[in-house]
1. Just for the Cα atoms in the chain, what are the lengths along the principal axes, largest first, rounded to whole Å?
2. Any idea what the relative contact order of segment 4-175 is, in percent, if you count C-alpha pairs under 8 Å spaced at least 6 apart?
3. Quick check: Cα centre of segment 145-179 to Cα centre of segment 82-115, how many Å?
4. How much length is gained if the chain between residue 56 and residue 28 is pulled fully straight, taking 0.36 nm per residue apart and subtracting their Cα-Cα distance, in nm to one decimal?
5. Between residue 111 and residue 159, what is the label-to-label distance in nm when each label sits 7 Å out along the Cα-to-Cβ direction?
6. Provide 162, 24 in ascending order of the number of other Cβ atoms located within 10 Å of each residue's Cβ, fewest first.
């Protein structure tokens, strides 16, 4: 989908902050599924947590990414995605999980704009919270895995510079020619 813009990278690099700022400006934005899975599992007293059952966590993210894609499929305007189905594949590789054939098929079927914005690790803004328990070194490894997954899948990565949120938004909108 040429109007589906993806943000990827490691945790704690500012993706969600930029997505939320874009949402406040009136842009259509899909939520990040990993955080949503954790929040739902807490409410349901579930077990699909990355620190408890990595495969169940990944599978829930896949389910939600597919739902995200389908929910926005008919939107004519630009939609910003806080990660994509490819991040589920990246998570599988990062955690050395078996990769289901269905996930590989979904990574080929669900297409996004070929220019993806990658947020590099940024230690000065990195923080842990109730849903993010990784340390900074794991954030760097996650970034490296995501870069590899997207590049191997034929996407062109545009690194988002370490700037203020407003400047990052200007950089992104300038690259996709939205004012």
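Values in this text are rule-based calculations from the coordinates and carry no lab data. Values in this document were obtained by computation on a predicted structure and should not be read as measured data. For neighbour counting, all protein chains shown are included, and Cβ atoms are generated from backbone atoms with ideal geometry for every residue, glycine included.
1. 43, 36, 32
2. For segment 4-175, the relative contact order is 35 percent.
3. Rounded to whole Å, the Cα centres lie 18 Å apart.
4. Full extension from residue 56 to residue 28 adds 7.2 nm.
5. Inter-label distance under the simple model: 2.8 nm.
6. By the 10 Å Cβ count, ascending, the order reads 24, 162.
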